[in-house]
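Below is one structure; the comments refer to it alone.
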Amino acid sequence: MRKSIAAVTHQPGQLSIEEVELSPPKASEVVVKIVACGVCHTDAAALHQFIPVALPVVLGHEGVGIVEDTGSEVTTLQRGDRVILSFPSCGHCDYCREGHPYACDSLNKLFFDGVYKDGTKRIFQQGTEISSFFGQGSFANHVIVDARSAVKVAVESDDDLAQLCSLGCGVQTGAGAVLLRLKPKKGSSIAVFGCGGVGMSAIMAAAIAGCSTIIGVDIVPSRLALAIECGATHVINSKATDPVAEIKRITQGGAHNSVEASGIAGVTLQALGCLRREGAAVLLSVTGPETVSIPLEALILNPSATLTGLSEGASNPQTFIPELVQYYQEGRLPVDKLNTFYGFKDIEKAFQDSHEGTTVKPVLRI
């Protein structure tokens, strides 16, 4: 077995950097030496068991790194390749075969049960099985992932690669919601609720799509300022201003589209209420067990709107992540503006800063 150092969660809310062991990769899998890993809101939800995950677990699902070993059936990757890791999928269900892995039949099992496609685990500690979050567990210096989850990218250095870690989840979720699901018309309007990593990526994607009115909504002034840098044409501090009324004023009747990325269940009503007739709202947040009541007239009578949830930005990572890398290299997707780097030992501070809103995208250098 290969030894590794990982941040293990044995109890809700607890992170402990410990030695673990990895089993050898199976036929379709690769071993990746992790260079960096983003800290995502979904990691925090799992850490505190707002999303139930099988404990003990190694969290982390925005890893980037270098391939060190490959299974016998892997033909798409080789040792030395720099890769961005993304979400797992089975590869065999109807959704995967049709190119929609984000809707995989095994999604919940592979995301949250800590197992791989064959139903077994890869991390061990003194004989105890440890779960791998999202088929990665990238809060570690080595991981095993299925080759379907690893996307080879052409970047010049490990530092360049580290800037791109959130493309594996947060960026493709926000950008995909806009570019792949909403597909806004050039010159249209969009409101983005929550200017964290996912929301900021949606703002960047709206600019790429040619939206003429891009409204960022948040309560943290520094994030609103950054939203302008990332492409927002207007920003609203929803602590001081009613965002629905202000969006309707700015857009002269309501936004064509909206994205909810705040992590607050009640904001769903604002994302829906700000739309004009036949508008569409996409919900991306992980809010835990909270619920919200949506009046039927909000969907049927006014504004005859569409409300949809979406996983992983409707993305096929093997095709969409290379597009995102190209946008980044062209200067159109400046995800490096979002990143604040932390040492691995400072993982708890990274989570705290993310929770407090002082950091948009914490990135751990492993």
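The values are calculated or read from the model by the stated rules, or taken from the named source; none is laboratory data. Only a predicted model underlies this, so the values are computations on that prediction, with no experimental measurement involved. Ideal geometry is used to build each Cβ from the backbone, glycine not excepted, and the neighbour counts take in all protein chains shown.
Residues in the range 193-246 that are acidic (D, E) and under 15 Å from S354 (Cα atoms): 1 in all.
State whether one or more residues within the range 9-19 are touching a residue at least 24 places away in the same chain (Cβ under 8 Å), within 25 Å of C90 (Cα to Cα) and not hydroxyl-bearing (S, T, Y). No, the conditions are met nowhere in the range 9-19.
Restricting to the range 1-34, give me the number of residues that are within 12 Å of I366 (Cβ to Cβ) and either buried (at least 24 other Cβ atoms within 10 Å of the Cβ) or among the acidic types (D, E) (or both). Before you say what the answer is, go through the steps one by one.
Going residue by residue through the range 1-34, those that are within 12 Å of I366 (Cβ to Cβ) are 4-7, 17, 32-34.
After this cut, where a residue has to be either buried (at least 24 other Cβ atoms within 10 Å of the Cβ) or among the acidic types (D, E) (or both) as well, the list is 6-7, 32, 34.
Of the residues in that region, 4 qualify.
Q329 meets all of the listed conditions (1) closer than 20 Å to G196 by Cα; (2) among the polar types (S, T, N, Q); (3) surrounded by fewer than 21 Cβ atoms within 10 Å (Cβ to Cβ) but one, namely (1). Of all residues in the range 69-85, those satisfying the criterion of being touching an Asp or Glu at 6+ places or on another chain (Cβ under 8 Å), crowded, with 17+ Cβ neighbours inside 10 Å and in a loop (DSSP other than H, G, I, E, B) are G71, V74. Just one residue in the set S201, S212, S157 is out of contact with any Cys (no Cβ under 6 Å at 6 or more places or on another chain), without any contact (Cβ under 8 Å) to a residue 60 or more places away in the chain, of a type in the set (S, T, N, Q) and under 30 Å from D81 (Cβ atoms); that residue is S157.
Checking each residue in the range 86-112 for being more than 18 Å from the chain's Cα centre (by Cα) and either in a loop (DSSP other than H, G, I, E, B) or surrounded by 15 or more Cβ atoms within 10 Å (Cβ to Cβ) (or both) picks out C90, G91, H92, C93, Y95, C96, E98, G99, D105, S106. In the set (1) surrounded by fewer than 20 Cβ atoms within 10 Å (Cβ to Cβ); (2) over 30 Å from L333 (Cα atoms); (3) modelled with pLDDT of 95 or more; (4) over 18 Å from the mean Cα position of the chain (by Cα), the condition left unmet by I123 is number (1). Looking at this structure, is F124 touching a Phe, Trp or Tyr at 6+ places or on another chain (Cβ under 9 Å) and at negative phi? For F124, the condition - touching a Phe, Trp or Tyr at 6+ places or on another chain (Cβ under 9 Å) and at negative phi - is not met.
Could you list all residues from the range 348-364 that are part of a helix (DSSP H, G or I) and either of a type in the set (V, I, T) or free of Cβ contacts under 8 Å to residues at least 24 places away in the same chain (or both)? Talk me through it step by step, then tell me what you get.
We begin by selecting, within the range 348-364, every residue part of a helix (DSSP H, G or I); these are 348-356.
Hits for the range 348-364 are K349, Q352, D353, E356.
When the strands (runs of 3 or more DSSP E) confined to the range 122-237 are screened for residues that are small (G, A, S), those reaching at least 2 such residues are found at 128-132, 189-193. Here V53 fits the description: in contact with a helix residue (DSSP H, G or I) (Cβ under 6 Å, 6 or more places away or on another chain), farther than 17 Å from E312 by Cα and assigned to a loop (DSSP other than H, G, I, E, B). Just for helices (runs of 4 or more DSSP H) wholly inside the range 238-314: which have at least 3 residues that are touching a strand residue (DSSP E or B) at 6+ places or on another chain (Cβ under 8 Å) and in contact (Cβ under 8 Å) with a residue 60 or more places away in the chain? Hits in the range 238-314: 267-273. Would you please list the contacts, defined by Cβ atoms under 8 Å and residues six or more apart or on different chains, that run from a residue in the range 328-347 that is closer than 13 Å to K361 by Cα and touching a residue at least 12 places away in the same chain (Cβ under 8 Å) to a residue that is part of a helix (DSSP H, G or I) and basic (K, R)? That search, which allows pairs on different chains as well, returns Y342/K349. Restrict the check to the range 314-328 and report whether at least one residue is under 23 Å from H256 (Cβ atoms) and among the polar types (S, T, N, Q). Checking the range 314-328: at least one residue is under 23 Å from H256 (Cβ atoms) and among the polar types (S, T, N, Q).
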